[in-house]
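The next block holds one structure in the form of structure tokens; read it before the comments.
No value in this document is a laboratory result; all are computed from the given coordinates. Bear in mind that the values here come from a model prediction, so they are computed numbers and not experimental data. Positions of Cβ are backbone-derived with ideal geometry, glycine not excepted, and every protein chain shown enters the neighbour counts.
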Amino acid sequence: MESIHTEKAPMSPGIFDSHAHYDSEQFQEDLHTFLPSLFQKGVCGIINCGTDLSSSRFTADLCARYAPVYGAAGIHPECAGNPPENWESALEEILRLPKMVAVGEIGLDYHWEENPARDVQKEVFAAQLRLANRLGLPVIVHDRDAHGDTMDLLRQYKPKGVVHCFSGSVEMMREAVKLGLYIGLGGAVTFKNARVPVEVAKEVPLDRLLTETDCPYMAPVPFRGKRCDSSMIVYTAGKIAEIKGVPLSEILEAGRRNARELFSLPDFP
Ligand code: NI
């Protein structure tokens, strides 16, 4: 699908967070005062990502309530073990709600032993890749310690989308870009031990980069370990700007422009 919105976004800092979880219980207490405060601090757009049917429904409600919030609905690999029998039609119903712009967060996570079996994860991931292609929607992909199988499925289904919190090598990044995918970089690039993410940040083409948090997780330095929120992207983007040797504004602008393009968003302030 081609984006019909090509105007340059105004304003600074103009932070676009392409990956957030404001449905998390860590925001339960203060969500409806906290979220509007972020819009005052220059956050101009957020994609909230569901991880199961109920958080995807919560995401659709957030979209209805807040103009800068758009949504993704999907079954996260950690939740892929026992989805309800009718999950595919239920998910499709949510995806047809207003402002739902992507299938996500979906993918593979082989990091935790207690996660669903690999075959089960692959089956649920593949079903959602087919659904995304059928609906003409991009995907938001989670890949943790599962690079080989993730790339196999992306090669097979060739969806539009982003590999979020990208943790693969520069070579894998290049292949993902060749497949037409975007690369999401978050707080991990600021961590002291970051080596590969820094190389990826250096090499990723600016027109393929998405800015993101994965909040409330993955807070960038100097907030590492604290509750993360979308305004902290200035620290992540600042680090990427330093790595690439370009101004911060250029990274933030790329984050807005690429998100608008990938998710076919209307203009946001
Ligand atoms: Ni996430």
Point to revise | Rotationally averaged projected area of the chain (alpha carbon convex hull; nm²) | key: 12.9 nm²
Study note, to complete from the structure: For the range 234-240, in residue order, the Karplus 3J(HN,Hα) values (coefficients 6.51, -1.76, 1.60; θ = phi - 60°; whole Hz; Gly and Pro = x) are 4, 6, 5, 5, x, 5, 5
Exercise for review: May I ask which of Lys202/Lys226; Lys192/Lys226; Lys192/Lys239; Lys122/Lys158; Lys99/Lys178 have a Cα-Cα span longer than 18 Å here?
Suggested key: Lys202/Lys226; Lys99/Lys178
Exercise for review: Mind checking which of Leu153, Leu131, Cys165 is farthest towards the positive end of the chain's charge dipole, using Cβ charges of +1 (Lys, Arg) and -1 (Asp, Glu) about the Cα centre?
Suggested key: Cys165
Point to revise | Partnerless Cys - the chain, beta-carbon criterion under 4.7 Å | key: Cys44, Cys49, Cys63, Cys79, Cys165
Practice item. Please work out how much length the chain gains when fully extended from Phe223 to Arg130, using 0.36 nm per residue of separation minus the C-alpha to C-alpha distance, in nm with one decimal. Key: 29.7 nm
Review point. Charges only on Cβ, +1 for Lys and Arg, -1 for Asp and Glu: so what's the dipole of the range 15-263 about the Cα centre, in debye to the nearest 20?
Key: 900 debye
Point to revise | Nearest-20 debye value, the range 61-208 charge dipole, Cβ charges on Lys, Arg, Asp, Glu | key: 700 debye
Revision key, fill the gap. Place a point 7 Å from the Cα of Ala117 in the direction of its beta carbon; the residues of the range 82-111 whose amide N falls under 14 Å from it are 82
Check your understanding: Which of Val124, Val141, Val162 moves the most in a Gaussian network model of the chain with Cα springs under 10 Å?
Key -> Val124
Check your understanding: At what distance in angstrom do the alpha carbon centres of the range 55-132 and the range 163-198 lie from each other?
Key -> 22 Å
Revision key, fill the gap. Note, the range 180-190: 3J(HN,Hα) by Karplus (6.51, -1.76, 1.60, θ = phi - 60°), whole Hz, Gly/Pro = x, goes x, 8, 9, 10, x, 10, x, x, 4, 5, 8
